[in-house]
Amino acid sequence: MLQSLFDGILVGSILSLGAIGLTLVMHILRFANFSHAELISMGAYFTLTLDSVFNALSNSLSSKLPMLSVSVSLIIAMLCALLITGVIAAIIDRLVFKRLREQAGPLTMVFASFGISLIIRNAIGLVYGLKSTHYNGDIAFAMMLSSDPLLLVKADQLFILALTLLVMVSLHLFISRTSVGFALTAISENPVLAQVNGINLAAMVRLAWMLGGALAAIAGVCYALNNQLSPVMGRDLVLSLFAAAIVGGIGSIYGAALGGLIVGLASSMALLIIPTGYKPAVPFLIILLVLYLRPNGLFGEER
Amino acid sequence: MIGIISYLAFFLTIALILAITVLGLNLQWGFTGLFNGGIVAFFGAGAYGMMLLGGPERIDGLGGFGLPYPVALSGGIALSGILAVLVGLATTRLRHDYLAIATFGVAIAMESVVRNASYLTGGATGLRGFERPFESLVDGALQYNLLFLAFVVICLIIVYVFLETLVRSPFGRLLRAVRENERAARSLGKSPPVIRLTAFVIGSMIMGLSGALYATFYAFISPQDLAPILTFQIWAMLIVGGSGNNRGALLGTLVVWGGWVGSGWLLTAVAPTHLQLYTGSIQYILIGSIIVLTLLWRPRGLLPEKLGTRHYSKPATDPVDWHSNEDSGKPHAQEAK
């Protein structure tokens, strides 16, 4: 029970990071972007490559942080990867989605996002192999903080929690304290009104993609630290991300953060009553439940 | 020669079974603008439903009632319909994106059910072995395959004629009305959610028929047959062929399925042994690229939808028929609310 609670919060906070980007893009551009989860895999794998590059460059970079199996180079690699992933997300929008939204409807963009996710996922498989992997050999055996059989906690997992908390707080400050953050909120709440007030929609769309890509990349690294890297990690998460965004109410950034926690906790708790094999179906049930009971989610507006 | 004929019969049988699914999707997406992200779930419901009702008795689980084939087939189709009603009720009154997400979820839920509920579905090993219809009528595998091909062709023709009649009827105009301008349809006293739900359920039942035929042909169904790639292939077929046009859907099926089988064969023949593992990935990338590139460069497919007065029996002054003046390049423009 305690273990499920902890696992749920851990997975939930990772989902929150992914769902925020999804909900932003989904609300501003009004389409369900199925390829968002592939940004998570992308970020995780870019970090893998950069990590080995930095390790090769200098020995001092490969020194581990105290108690953790996370090295300095991994953190630098993650920072670079989140930039790259954000930029790639914006480039994909420029090349595909921008053209489609000018000439066709939102559902055509959903189709395209399915195609893009197929391409990204399998390209990762081609480049990195189909087997799952780890950042380094130590991660699977990270230091245990508690050996209590009721609650197994790894130091790495506390690191993930601290990191997601840090990201959330910075994001909150960015949104509530900066003018760019205000503009982004305005666009996601009412694109038409925001434009009337002189906010540049194209720039905000770009920002939403970059922010979403960067957050997804962090989520990918956290997920890989907690589990492992595999080309299908994005596909396994996509439904949970949608569930989180829908629970929170599409467009609401805080809703997505809370929705991620709820979905993570629910998925983890559900395993206490249903067999493990049915786990992939849990986010689907959450989605159906929300659509029947509260179609606009917790913080969503009528649409 | 016999080898070629038997291969051709095999290829065509599978292609035409898939074509039935593509026609079902065309009713949902092409004519009504409903996005089905879980084709494989409705396909699977038909296949498993048929096998459960028509299959031989099982010692290790429920099902295997050995019912006559037409009953089993109808049962499979009905199961797809029930599934579609359950999903549709929750989603068709909402924004279309939700339908895409929910149906995508159905496919994942369906896969975990067929993998785990082994007392019902045989789990990962699937359900196998049952006497196929007309099997006792002919000797020899080739003869049977040709006979079954004929049966599939008949099913395909029935579905095609049914859909063509449907989309040319007043109901068909209503579907396009809902797709193009929901508010206008509502102002005419029609109920878009009901119309959408109806189209969604009919389309899903056609997919169920297709799945049931697929399972009949192999006399076997397992979770492997419900891999998500099937959903992508079906879309690629419809997009390439031209959504909103049933003949386009058929053409797209043959082109994409031919390309899929051909590229698989080519990659296996050309790729070095240690890379054989990756041929699947390359094929998936091809399917993804076909979807994206077609949407970008030929969004209306090989045979685009024909919108115009000559399709309609009523004159263009019909209040619902505003398409006649609106045949711009935006067949699926949704209203952003």
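The values are calculated or read from the model by the stated rules, or taken from the named source; none is laboratory data. Since this is a predicted model, take the numbers as computed values, not measurements. A quick note on method: Cβ atoms are made from the backbone with ideal geometry, for glycine too, and the neighbour counts reach across all protein chains shown. Please note that ligands, DNA and RNA were not included when accessible areas were found on the heavy atoms of the full protein model with its side chains. Shrake-Rupley method; radii C 1.70, N 1.55, O 1.52, S 1.80 Å.
Just by accessible area at a 1.4 angstrom probe, what is the order of B:TRP257, B:TRP297 from largest to smallest?
B:TRP297, B:TRP257
Output the 0 to 90 degree angle, nearest 10, between the alpha-carbon long axis of helix A:2-29 and the longest principal axis computed from the alpha carbons of chain A.
Once rounded, the angle reads 30 degrees.
Remind me, relative contact order of chain A in percent, using alpha carbon pairs under 8 angstrom and six or more residues apart? Let's see the in-between values first.
Values: 492 pairs, mean separation 110.1, N = 303.
Relative contact order, chain A: 36 percent.
Relative to the Cα centre, what is the charge dipole magnitude of the range B:17-227, using +1 at the beta carbon of each Lys and Arg, -1 at the beta carbon of each Asp and Glu, and rounding to the nearest 20 debye? Could the numbers behind the result be given before it?
Details: 14 positive and 11 negative charges, 205 e Å.
Dipole magnitude for the range B:17-227 comes out near 980 debye.
For a protection proxy built on the mean count of beta-carbon atoms within 10 angstrom, sort B:284-292, A:128-136 highest first, please. Numbers along the way, then the final one.
Working: B:284-292: 21.8, A:128-136: 15.8.
Peptide ranking by packing, descending: B:284-292, A:128-136.
Within the protein assembly as shown, what whole-number % of the accessible surface is contributed by carbon and sulfur, with the 1.4 Å probe and all protein chains included in the calculation?
Numbers: 17890 of 25920 Å².
Within the protein assembly as shown, the accessible surface is 69 percent carbon and sulfur.
Add +1 for every Lys or Arg and -1 for every Asp or Glu among the other residues with Cβ under 12 Å from the Cβ of B:GLY241, and state the total. Walk me through the intermediate numbers first.
On the way: positive: B:ARG247, B:ARG298, B:ARG300; negative: B:GLU305.
Overall, the nearby charge balance is +2.
In whole angstrom, how far apart do the alpha carbon centroids of the range B:1-55 and the range A:1-61 sit?
Spelled out, the Cα-based centre of one part sits 36 Å from the other.
For B:TRP265, B:TRP29, give me the order by solvent-accessible area with a 1.4 Å probe, most accessible first, ignoring ligands, DNA and RNA.
Values: B:TRP265 175, B:TRP29 10 Å².
If we order B:TRP265, B:TRP29 from most to least accessible, we get B:TRP265, B:TRP29.
More than 38 Å apart: what percent of Cα pairs in chain B qualify?
More than 38 Å apart: 17 percent of the Cα pairs in chain B.
In percent, how large is the relative contact order of the range B:76-194, given Cα pairs closer than 8 Å and 6 or more residues apart?
On the way: 39 pairs, mean separation 15.6, N = 119.
Answer for the range B:76-194 is 13 percent.
Short version: which residues of the range A:245-293 lose at least 50 Å² of accessible area, all chains versus chain alone, 1.4 Å probe?
A:TYR278, A:PHE284, A:LEU291, A:TYR292
Nothing charged except the Cβ atoms of Lys and Arg (+1) and of Asp and Glu (-1): what's the magnitude of the dipole of the protein assembly as shown about its Cα centre? Round to the nearest 20 debye.
Working: 37 positive and 29 negative charges, 255 e Å.
So the magnitude is around 1220 debye.
Packing-wise, with mean Cβ within 10 Å as the measure, how do A:69-82, A:38-51, A:219-232 rank, highest first?
Highest mean packing first, the order is A:38-51, A:219-232, A:69-82.
Working only with C-alpha atoms, what are the Rg and Dmax values of the protein assembly as shown, expressed in angstrom?
Here Rg and the maximum Cα pair distance are 25.3, 80 Å.
Tell me which DSSP H helices of chain B clear both cut-offs, 20 Å or more of axial length from alpha-carbon atoms and a mean Kyte-Doolittle hydropathy of at least 0.0.
Numbers: long enough: B:2-25 (34 Å, 2.53); B:39-54 (23 Å, 1.76); B:69-91 (33 Å, 1.78); B:96-116 (30 Å, 0.76); B:141-168 (40 Å, 2.05); B:192-218 (39 Å, 1.24); B:246-270 (35 Å, 0.96); B:279-297 (26 Å, 1.71).
Helices passing the filter in chain B: B:2-25, B:39-54, B:69-91, B:96-116, B:141-168, B:192-218, B:246-270, B:279-297.
Under 13 Å from a label point 7 Å along Cα→Cβ of B:SER191: give me every residue in the range B:65-92 with its amide N that close.
B:89
Just to make sure I understand: if all protein chains stay in place, what is the order of B:VAL138, A:VAL192 by accessible area at 1.4 Å, largest first? Working shown, then result.
Details: B:VAL138 45, A:VAL192 100 Å².
Putting B:VAL138, A:VAL192 in descending order of accessible area: A:VAL192, B:VAL138.
Give the total of Lys-Lys pairs in the protein assembly as shown with Cα-Cα distances below 26 Å; include a pair only if its members are 8 or more places apart or on different chains.
Final tally of qualifying lysine pairs is 14.
When Cβ neighbours within 10 Å are restricted to other protein chains, what is their mean count per residue of peptide A:25-37? Could the numbers behind the result be given before it?
On the way: counts 0, 2, 0, 0, 1, 5, 4, 10, 1, 4, 1, 0, 0.
Neighbouring Cβ atoms belonging to other protein chains average 2 per residue here.
With everything on Cα atoms, drop me the angle between helix A:201-226 and the longest principal axis of chain A, reported from 0 to 90° to the nearest 10.
20 degrees
Tell me the total accessible area that A and B bury against each other, 1.4 angstrom probe, in square angstrom rounded to 100.
Details: alone 14340 and 15970 Å², together 25920 Å².
Approximately 4400 Å², summed over both chains.
How far is it, in nm, from the label point at A:LEU83 to the one at A:SER58 when both lie 7 Å from their Cα along the line to the Cβ?
1.5 nm
How crowded by other chains is B:285-297, given as the mean number of beta carbons from other chains within 10 Å of each beta carbon? Kindly include the intermediate steps, with their values, before the conclusion.
Values: counts 9, 3, 5, 12, 4, 2, 8, 12, 3, 3, 10, 9, 1.
Averaged over the peptide's residues, the number is 6.
With an 8 Å cut-off on Cα pairs and a minimum separation of 6 or more residues, tell me the relative contact order of the range A:131-265 in percent.
On the way: 103 pairs, mean separation 30.7, N = 135.
Contact order relative to length: 23 percent.
Ranked highest first by average number of other Cβ atoms within 10 Å, how do B:267-276, A:244-253, A:151-160 line up?
On the way: B:267-276: 10.0, A:244-253: 28.2, A:151-160: 18.1.
Per-residue mean Cβ counts within 10 Å order the peptides as A:244-253, A:151-160, B:267-276.
So if we plug the beta-carbon distance of A:LEU130 and A:LYS98 into 1/(1 + (r/R0)^6) with R0 = 35 Å, what FRET efficiency do we get, rounded to 0.05? Intermediate values should be presented prior to the final figure.
On the way: r = 32 Å, r/R0 = 0.92.
The computed FRET efficiency comes out at 0.65.
Need one value for B:233-241: mean number of C-beta atoms belonging to other chains within 10 Å of its residues' C-beta atoms.
Values: counts 0, 0, 3, 4, 0, 1, 4, 0, 0.
That average works out to 1.
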